[in-house]
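To start, the structure under review is shown below, and the notes come after it.
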Amino acid sequence: MTIAGSGARQQPQQQPGHLRDQHGPYFGQFGGRFVPEALIRALDELDTCYRQAWADEAFRAELDRLHATYTGRPSILTEVPRFAEHAGGARILLKREDLNHTGSHKINNVLGQALLTKRMGKTRVIAETGAGQHGVATATAAALLDLECVVYMGEHDTERQALNVARMRLLGADVIPVKTGSRTLKDAINEALRDWVTNVDTTHYLMGTVAGPHPFPEMVRDFQKVIGEEARGQVLDLTGRLPDAVLACVGGGSNAIGIFHAFLDDPDVALISLEAGGDGFDTGRHASSITAGQTGVLHGAKSFLLQDEDGQTLESHSISAGLDYPGVGPEHAWLASTGRAAYRPVTDSAAMEAFRLLCRTEGIIPAIESAHALAGALETGRELGPDSLLLVNLSGRGDKDVDTAARWFGVLSDADLVQSAATAAATPVDEGEGAGW
Amino acid sequence: MTGSAVDQTGRTGARLEELRAAGRAALISFLPAGFPDLETSVAAARAAVEAGVDIVELGLPYSDPVMDGPVIQRAAQQALDGGTRTKQVLHAVEQVAAAGAPVVVMTYWNPVLRYGVDAFARDLASAGGAGLITPDLVPDEAGEWIAASDAHDLDRIFLVAPSSSPERLAMTARACRGFVYAASTMGVTGVRASVGDAAQRLVHDTRGAGAERVCVGLGVSNPEQAAEVGAYADGVIVGSAFVKALDDRGLDGVTQLAGDLAAGVARSRAAAATNSTAGTGKASE
């Protein structure tokens, strides 16, 4: 049983703990701190605070308590046999991060960083968001811990994820539509960085993924690795063995690194990341930065990114707002370049087909982001055959994507869609209104 | 990295030393190449030099300028939308350098990385450029650039900020050639009502950490601010105000602003001299 291109077999003799023990600022040649000098002190403070907190039993206990009583951890494992019939009969287990409070894995990281914000004595958090999942999670934690919250969101994304804009405002956050550049996630990050450099004394930038300058990639990974640690034990308890492959979607890469990390030093477990293939990798309209394979610097770290001949960032394209990002976290770039993890593009169409299938066969509506991982599982299951065991990170639920999916599949009449569009248009996303609700 | 005995004056430093001997600070302009179009941007930079600018910063437009406020963001985007390419910016350097003032390129790091760090240094040097200002590259990450700038005899100008620790001020001062760029405030580029005390303190601390020449940027937009900053810094860097002047009033606007700012800089030391030389921060002389 082999997986073409997985690379898992290329380095079978890793020392135990070797790959799991990677720390920033560099992962191989990737990572670092390509930021204005003005931010260095804040990054140093954050790094110190995070290391002290991580070593502090009281901090870890508080985070565990919140996860147990608020997030809903541990998240369960669900076997999906009817779905798996379409995957060559492979046995497929879903790690249900979609059942977390706020509907995705994002809360794992957000609660950790929100506690750090309090520990640093800061009173305000800012965040970027694409699909709105990280923004909703940040707004939630800010409400819980009494922090001021500003969320930057590309104007294009505020339109396609209007419901999440409303959610954040209901939770008391100020949502600022970003109208520069491609008006998506990358521009939201630019604007958050500008806010941070201006207000760094009072403000923590609560970054939502394993990208950005050190210590964000390592710190966010450490807050997300609970996913894989739980799942590894759950799979062993249920099946008595490790999975043949672990699959996750990757935009910035936090849910993928979260579930992969516990398996990094299990050389027989293939790690497969599914990038957003958009209209198809060959069309150039995609968000598959690792598959494209060009090294560069974006948002504070050296990694792979989509760029033109002059190093200008290219616009990414994906039906999924959460994967619509032209870069990827540096640890993923390193895992790809060493061959430990495989990275494959999944088109919008393939992701939506997997989305439909999970809805119809299992009664679970996945986030479109996570549907990319499901599409990867369908393909991998067919490659590995009926004896194989696959673990898939179902990173988020699809409530936020109902409008997009309804349009894709044409399940609403034209009259319904007109009504839906009118409702969306009535949402004051441009005015910043509603924050004082 | 090379040894510490390397001469740190460079071409911009030499110009700053001449001006210091003449008793005034330098006026340094920033304009993005390609805004509103390539030809006009070159003409604007040259007009600025003719009207009294001593050192020119030419911006290499970048898609994700996180250190820039709305004025320069929009200008950079317009330059990119107009098809400005890195090679053209290097050619523009050559044309502006012909006006006689040292020209440094201000650029985010990825365009240089993509071009090839050594190749960029080589081509910048052969275009007559004096060096680079790198707002998102700290010396800690700059090994390749330090080697390339040594090899091609280019100035390398890193930034310090009000948040920089004494250790980082010293490390950055050692890494620079030409001058140290002091960001006057915590924030992005843009016109501000006042420059604030933090800038003067930062210049003082940066000199104390070993820097020979320190120029101040971020938020300086009018002759009064230029005079104020010119009293204690080696150079006064004006960006967004030049971009606005070019956008609103074309080349005449640039000429007018450069003249007004030059007058402000010229009277700064005169004013400082009448107040005695105390506190002007010329400790290194």
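The values are calculated or read from the model by the stated rules, or taken from the named source; none is laboratory data. Just so it is clear, the model here is predicted, and its values are computed rather than measured. Virtual Cβ from ideal backbone geometry, glycine too; neighbours counted across all protein chains shown. Keep in mind that these areas ignore ligands, DNA and RNA; they rest on the heavy atoms of the full protein, side chains included. Shrake-Rupley method; radii C 1.70, N 1.55, O 1.52, S 1.80 Å.
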Gain upon complete extension [A:Asp416, A:Thr338; 0.36 nm per residue less C-alpha separation]: 23.1 nm
With all protein chains modelled, accessible area of A:Thr78 [1.4 Å, Å²]: 30 Å²
HN-Hα J in Hz across segment A:288-302 - Karplus 6.51, -1.76, 1.60, θ = phi - 60°, x for Gly and Pro: 9, 5, 6, 4, 5, x, 9, 7, x, 10, 8, 6, x, 9, 8
Residues with amide H under 5 Å from that of B:Gly59, placed H, sequence gap 5 or more: B:Leu31, B:Ala33, B:Met106
Cα-centre dipole for segment B:10-272 with unit charges at Cβ (Lys and Arg positive, Asp and Glu negative), debye to 20: 360 debye
Dipole in debye (nearest 20) - segment B:1-76, about Cα centre, beta carbon charges: Lys, Arg +1; Asp, Glu -1: 180 debye
Amide H within-cut-off set for A:Glu275, under 5 Å, with H built and near neighbours excluded: A:Val250, A:Arg344, A:Val346
Rounded FRET efficiency, nearest 0.05, which uses the C-beta distance separating A:His23 from B:Ser126 and R0 of 56 Å: 0.85
Summed residue charge, Cβ within 11 Å of A:Val80's Cβ, Lys/Arg positive, Asp/Glu negative: 0
A:Arg241 versus A:Ala68: modelled label distance in nm, points set 7 Å from Cα along the beta carbon direction: 3.4 nm
Only Lys, Arg (+1) and Asp, Glu (-1) charged, at Cβ; segment B:127-273 dipole about Cα centre in debye: 360 debye
Mean separation of Cα contacts under 8 Å (6+ apart) over length of segment B:10-272, as relative contact order %: 23 percent
Accessible surface, 1.4 Å probe, highest first, among residues B:Cys215, A:Cys359: A:Cys359, B:Cys215
A:Trp54 accessible area, 1.4 Å probe, all protein chains in place, Å² to nearest 10: 60 Å²
Most mobile listed residue (B:Val96, B:Val71, B:Val229) in chain B, GNM with C-alpha springs under 10 Å: B:Val71
Sequence of A:Asp21, A:Asp266 when ordered by accessible area, the most exposed leading, probe 1.4 angstrom: A:Asp21, A:Asp266
Label-to-label distance, nm, for residues given as B:Glu39 and B:Glu167 (7 Å Cα→Cβ offset): 5.4 nm
Reciprocal mean inverse distance between Cα atoms of segment A:190-276 - Kirkwood radius, Å: 14.4 Å
Of all DSSP beta bridges in chain A, antiparallel share, percent nearest 5: 30 percent
Exposure rank, largest accessible area first [A:Arg124, A:Arg82, A:Arg241; 1.4 Å]: A:Arg82, A:Arg241, A:Arg124
Inverse mean reciprocal Cα-Cα distance (Kirkwood Rh) of chain A, Å: 21.4 Å
Chain B - convex hull of alpha carbons, volume per residue in Å³: 108 Å³
Value of D in µm² per second that Stokes-Einstein yields for segment B:106-223, Kirkwood Rh from Cα pairs, at 20 °C (1.002 mPa s): 145 µm²/s
Per-residue ³J(HN,Hα) for segment A:137-142, Karplus 6.51 cos²θ - 1.76 cosθ + 1.60, θ = phi - 60°, Hz, x for Gly and Pro: 5, 5, 4, 5, 5, 5
Cα-Cα over 24 Å, subset of A:Lys95/A:Lys400; A:Lys179/A:Lys400; A:Lys186/A:Lys400; A:Lys118/A:Lys179; A:Lys186/B:Lys244: A:Lys118/A:Lys179; A:Lys186/B:Lys244
Using θ = phi - 60° and Karplus 6.51 cos²θ - 1.76 cosθ + 1.60, couplings along segment B:148-162 (whole Hz; Gly, Pro as x): 5, 6, 5, 5, 10, 6, 10, 6, 10, 10, 9, 9, 10, 9, x
Within 10 Å of each Cβ in A:27-39, the average number of Cβ atoms from other chains: 6
For the protein assembly as shown, with +1 on Lys and Arg beta carbons and -1 on Asp and Glu, the positive-most of A:Ala90, A:Tyr50, B:Ala182 along the dipole: A:Tyr50
FRET efficiency, B:Ala99 to B:Glu18 (Cβ-Cβ, R0 22 Å, nearest 0.05): 0.85
Where chain A is the region considered: accessible area per residue in Å², 1.4 Å probe: 34 Å²
Value at 222 nm in deg cm²/dmol, rounded to 500, when DSSP H runs of n ≥ 4 in chain A each add -39,500 (n - 2.57): -12500 deg cm²/dmol
Chain B: calculated mean residue ellipticity at 222 nm from DSSP helix runs of at least 4, using -39500 (n - 2.57): -15500 deg cm²/dmol
Stretchable slack from A:Glu309 to A:Asp282, in nm (0.36 nm times residue separation minus alpha-carbon distance): 8.0 nm
For segment A:288-417: rounded, prolate or oblate by the Cα gyration tensor [a/c cutoff 1.5]: oblate
